[in-house]
Structures are given as structure tokens and as C-alpha cells.
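Shown next, in C-alpha cells, is the structure this report addresses.
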Amino acid sequence: MRIDHGSGRAKACVSQRRRPIAKRMIMEATLPPALSAQLAIERRLDTLAHNLANLRTVGFRSEEVKFDELIKPGNGFGADPVSMASEGTSFLSTKNGELTQTGNPLDMAVAGDAYFGFQGPNGVVYTRDGRMRVNQAGTVETLTGYPLVDAGGAQIQIDPNGGALTIARDGMITQGGRQLGAVGLFTIPQTAKLTRFDTSGVIPDQGAQPALDFSQVGVMQGFVEGSNVNPVLEMTRLIELQRAFESAANLVQSNERSMSDAIQTLGSNK
């Protein structure tokens, strides 16, 4: 009987070569999801930290991140498509914050889903921060110096020495028995994307409309609205994300060790 030792050695060599290839395919399938998960978690951690830092910022809107699943095609060598997390799309939560009564006649809050408007550097900016002041010229402005506007976009003037004033639900300002103008309230389409301005301002990518029906929205004088950040929820998310980040980091380290082993195996087979 003839024994072909050369054929056996060839088969063994092929088998040894297949092992690192299979290992490499496994790494290609697991490493990208782990890295994408780390990037996604880092972004979410950044938003959580920013939200918690503004826990007591009047009118602040928390930032959320939506992650979509991306499918990476196979490598052409029999590997299955790989599911990965996207970089994420951020958006601002429009949930209302809690109201606090201050008794200050120039403090205002919005009842319902609407916003105050003020003249920003490049147009009207909208906000739920209704803390106002009156400058020497009698212009009602935000604490950062931007003029408050009425429903038509005009500035609001009062007499700085005219005594007490009242602000009705429809925004009408009365001072010394005279109506001096009305604070504008504006509604923003629910489908609009909001871009943050400073800490409490928002700029929508769709036009805001003046509120005309004050049965659902209105001005509340002597109140301010706090941040809509939920500290308990955010801290819970923070703990969960830290654990998820550690798991992803461990997976990356495991892949690095496997890569090192594969390189050593290839080197020993030369």
C-alpha cells in the first residue's frame, strides 16, 4: 500500500491557514460594531453631561440622541453583513419643565406649548426663559440684553418709571391703566428641527407662528419655568451607558488580543 505523506502535509498546511482566516473573519464581524458602539456611547455621554450641567438653567431644553442601525455588507468571503450603530442624530426635547412662582412682575412663564420671542443677532430666537428686565430706554429685554418682541416682531416699550405693571394671559401689558403692548407667544411646528441658541434659546428650521388662541397657551406673570432635565432619569442613563461603554471596550481589547494571536500564528507558519 502506498501512503502519500505529501498530501497529508498539504492538507495540514491548508487547515492551519484556514484557522487564522476564520479568526480574522470573526474579528471583522465583531470589531466594527464594538467601535461604533463606543463612539455612539461617547456621544450620548457628552449629551448627558451637558444636560446635567444645565439642571438648574431656566428654560433649558434637554438634548436627546437617536441612534439608527447601519448594516455593513459582508466582505465577499462568506462573512455575514454586520450591524453597527450610527453616529446618532441629536434633537432637543420639547417637554415642559416645572414652574416656580417668583412674584417678580417681569418674570413670565408659558402655559402650554408655545415660546416667547426675542431679537437675536440673525433674527428672532424663541425661548421658554421668561425672565425679563427693562433697560434705561424702556425696552423690555432678556437678561442677556436681547429685546423681547410682540406677535409682529416689534420691540416692546414701557415706562421705566411708570410704576407697577400687569401682564395678562394673552400677553397684554398694562401700566398705570394704559395698555402698552402685548408679549408675543409663538408656536413651532412639531416637525421642526430645533437648533440651540446660547443655553435656553432655540431656532427652528420651520417658521414659527404667532399664537392667536389663548385657551390652550398663555402668559403666566410672576412664574419661571425650570429646566426639563429629569435628574433621576439622566443619572440612571449615565450608569447604564458607563457599563455599556466598559463592555464595548472589553470587546475591543479581546479583538486586539485575537488579532495579535492571529499574527503570531501566521508568522509561525511561514
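Just a few scattered comments:
- Set Ile203, Ile156: member being of a type in the set (Val, Ile, Thr) and under 21 Å from Met220 (Cβ atoms): Ile156
- Within the stretch 129-178, the residues that satisfy the criterion of being in a loop (DSSP other than H, G, I, E, B) and of a type in the set (Asp, Glu) are Asp129, Asp150, Asp159, Asp170.
- Here the strands (runs of 3 or more DSSP E) wholly within the stretch 5-120 that include at least 2 residues being more than 24 Å from the chain's Cα centre (by Cα), at pLDDT 95 or above and closer than 30 Å to Thr139 by Cα are 99-101, 107-111.
- Thr142 being in contact with a strand residue (DSSP E or B) (Cβ under 6 Å, 6 or more places away or on another chain) and not acidic (Asp, Glu): yes
- Single residue of the stretch 90-149 satisfying the filter (among the charged types (D, E, K, R) and free of Cβ contacts under 8 Å to residues at least 40 places away in the same chain) that is surrounded by the fewest Cβ atoms within 10 Å (Cβ to Cβ): Arg133
The values are calculated or read from the model by the stated rules, or taken from the named source; none is laboratory data. None of the values given here were measured: they were computed from a predicted structure. Ideal geometry is used to build each Cβ from the backbone, glycine not excepted, and the neighbour counts take in all protein chains shown.
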